[in-house]
Amino acid sequence: MVVDILEFELGGELYAMDIGIAREIVEMLPITPIPRAPSHVTGLLNLRGEITTIINLHYLLGITPAKQREEQKIMVLIPDAFENTSVGVIVDEVHSVLTIDENSIDTNIKGVDEHLTDYIQGIIKLDEEEGIRAESSSEEHESQKRLIIWVDVKKILTGTTEASSSLHE
């Protein structure tokens with residue numbers, strides 16, 4: 001079985017999310033800050049007449065951005081991805097859509113803080129020269145594979161609202 005993912009970059013590292021929740025990718029646009037909003041909420045964006053809340057994934061995941069704001073991208077999610085509202089997430093770069101064989105995904109994640117494993121769906125191992133998996137049993141070949149952290153963006157966003165609401169209670 002295969003999985004379609006959207007590969008993106010945060011702080012110089014590769015990440016992926018389920019392509020099914022991505023609506024579009026846009027260049028950085030002017031964002032209106034929201035007073036007293038949580039630090040991960042960058043502000044609001046008027047995207048072709050639709051008000052879109054912009055969330056900074058760097059803040060949510062504790063990652064230092066690798067690019068200046070004007071060079072970053074916004075991944076706009078489908079409304080079903082987060083409380084039936086228009087939401088976009090800021091990332092450093094968006095690379096491509098990849099079709100990944102499930103055999104290339106390691107879901108046995110060890111050595112990571114337990115609360116982070118809730119947000120990680122798996123680690124994807126890809127050959128450098130290919131976007132699509134290749135099978136090999138050699139250890140040397142395994143060490144040449146690049147790793148992509150497959151995150152569950154829906155869970156990350158849902159976790160932020162739960163944390164915010166518990167702070168306000």
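The values are calculated or read from the model by the stated rules, or taken from the named source; none is laboratory data. Because the structure is predicted, anything quoted here is derived from the model rather than measured. We place every Cβ from the backbone using ideal geometry, glycine too, and count neighbours over all the protein chains shown.
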Within region 58-79, restricting to residues that are assigned to a loop (DSSP other than H, G, I, E, B) and of a type in the set (Val, Ile, Thr), the one that is nearest to residue 17 (Cα to Cα) is 78
The lone condition residue 121 fails out of (1) in a loop (DSSP other than H, G, I, E, B); (2) modelled with pLDDT of 90 or more is (1)
Query raised in the report: Looking at region 126-148, is at least one residue within 24 Å of residue 67 (Cα to Cα), outside any helix (DSSP H, G or I), modelled with pLDDT under 90 and in contact with a Leu (Cβ under 6 Å, 6 or more places away or on another chain)?
Result: yes
Those residues of region 33-57 which are part of a strand (DSSP E or B), touching a strand residue (DSSP E or B) at 6+ places or on another chain (Cβ under 7 Å) and more than 17 Å from residue 72 (Cβ to Cβ) amount to 51
Requested in this report: Would you be able to say whether some residue in region 87-96 is over 16 Å from the mean Cα position of the chain (by Cα), over 16 Å from residue 57 (Cα atoms), at pLDDT below 95 and not β-branched (Val, Ile, Thr)?
Outcome: no
Looking across region 1-20 at residues that are surrounded by 19 or more Cβ atoms within 10 Å (Cβ to Cβ) and hydrophobic (A, V, I, L, M, F, W, C), the single one that is farthest from residue 156 (Cα to Cα) is 3
The correct count of residues that are out of contact with any Phe, Trp or Tyr (no Cβ under 7 Å at 6 or more places or on another chain), in contact (Cβ under 8 Å) with a residue 40 or more places away in the chain and either surrounded by fewer than 18 Cβ atoms within 10 Å (Cβ to Cβ) or in a strand (DSSP E or B) (or both) in region 80-104 is 13
